[in-house]
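The values are calculated or read from the model by the stated rules, or taken from the named source; none is laboratory data. Quick caveat, the model's predicted, so the values are computed rather than measured. With ideal geometry, Cβ positions are generated from the backbone for all residues, glycine too; neighbour counts draw on all protein chains shown. Areas reflect the complete protein model, heavy atoms only, side chains present, ligands, DNA and RNA absent. Shrake-Rupley method; radii C 1.70, N 1.55, O 1.52, S 1.80 Å.
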Amino acid sequence: CHINILEPVWRFFAVCIAVLVLSVMAKKDSDGAVNIFGSQMRIVISDSMAKCDETDVSNYEIKDIPVKSVVFIQTVPEDETQAKAWYEQLKVGDVLTFKYVYGGSQDTITHRIISIDGTVITLAGDNKSSQDGYLTQVIDYSQDTANYVIGKVTGTSYFLGLAITALKSPVGIICIVIVPC
């Protein structure tokens with residue numbers, strides 16, 4: 001039986017290099033969001049979409065978004081005709097990332113659509129035990145307001161989020177880059 005001890009080390013370095021390449025290739029928006037391969041990437045900083053027994057998400061594509069996960073967002077098209085068609089494709093259960101004004105400040109939020117009535121979308125977090133899990137947001141995408149949809153979440157990655165979060169911290173840079181070198 002032959003065991004290659006260096007294989008896990010090479011895999012670790014491959015992941016580190018991939019995360020480093022993604023970090024270098026990524027372009028940032030004015031609000032700090034990363035755009036790569038046609039999708040926007042953001043890191044989740046709230047537990048409002050974390051798994052909760054009080055919310056049944058079994059029939060939805062996106063089921064759980066823990067804190068520090070990366071969400072991949074298909075942004076709303078800039079062309080009005082394409083944007084209208086994009087909005088018409090949305091359905092209850094889809095997860096959107098959007099800008100919303102709370103108490104004078106505008107926050108970026110990722111929540112699930114709980115109802116659609118014409119051009120009015122109502123959203124809420126899945127985690128009902130979360131501090132902001134009971135809040136709902138209402139966006140009328142036909143009106144030009146401070147509340148607007150950035151895009152639809154098409155995928156998530158908890159492990160990529162952890163790697164990026166680690167690389168952003170001084171301790172993570174020391175442990176992942178400097179010590180192995």
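Could you list, in sequence order, all residues of the stretch 59-78 that are touching a residue at least 60 places away in the same chain (Cβ under 8 Å), among the hydroxyl-bearing types (S, T, Y) and open to solvent by 30 Å² or more (accessible area, probe 1.4 Å)?
Passing the criteria: only T75.
Sort out which residues of the stretch 79-100 are within 29 Å of L160 (Cα to Cα) and either among the β-branched types (V, I, T) or open to solvent by 70 Å² or more (accessible area, probe 1.4 Å) (or both), and write them in order of number. If you could, list the steps in order and put the result at the bottom.
Within the stretch 79-100, the first condition is being within 29 Å of L160 (Cα to Cα), and the residues that meet it are 86-87, 89-100.
Scanning the stretch 79-100 gives Q89, K91, V92, V95, T97.
Tell me, yes or no, whether the stretch 122-130 has at least one residue that is more than 19 Å from Q74 (Cα to Cα), at pLDDT below 80 and out of contact with any helix residue (DSSP H, G or I) (no Cβ under 9 Å at 6 or more places or on another chain).
yes
Restricting the search to the stretch 40-58, which residues are open to solvent by 30 Å² or more (accessible area, probe 1.4 Å) and in contact with a strand residue (DSSP E or B) (Cβ under 7 Å, 6 or more places away or on another chain)?
The answer is R42, I43.
Anything in the stretch 40-58 that is in contact (Cβ under 8 Å) with a residue 40 or more places away in the chain, under 21 Å from Y148 (Cα atoms) and not β-branched (V, I, T)? List them, or say none. Break it down stepwise before answering.
Just the residues of the stretch 40-58 that are in contact (Cβ under 8 Å) with a residue 40 or more places away in the chain, to begin with: 40, 42-44, 46-52, 54-55, 57.
Imposing the further condition that a residue be under 21 Å from Y148 (Cα atoms) reduces the set to 40, 42-44, 46, 48-49.
Residues satisfying the conditions are Q40, R42, S46, S48, M49.
Would you pick out the residues in the stretch 101-132 that are open to solvent by less than 30 Å² (accessible area, probe 1.4 Å) and among the β-branched types (V, I, T)?
Once the filter is applied, which keeps residues that are open to solvent by less than 30 Å² (accessible area, probe 1.4 Å) and among the β-branched types (V, I, T), the stretch 101-132 yields I109, T110, I113, I121, T122.
Could we say that D94 is among the charged types (D, E, K, R) and closer than 24 Å to T55 by Cα here?
Answer is yes for this residue.
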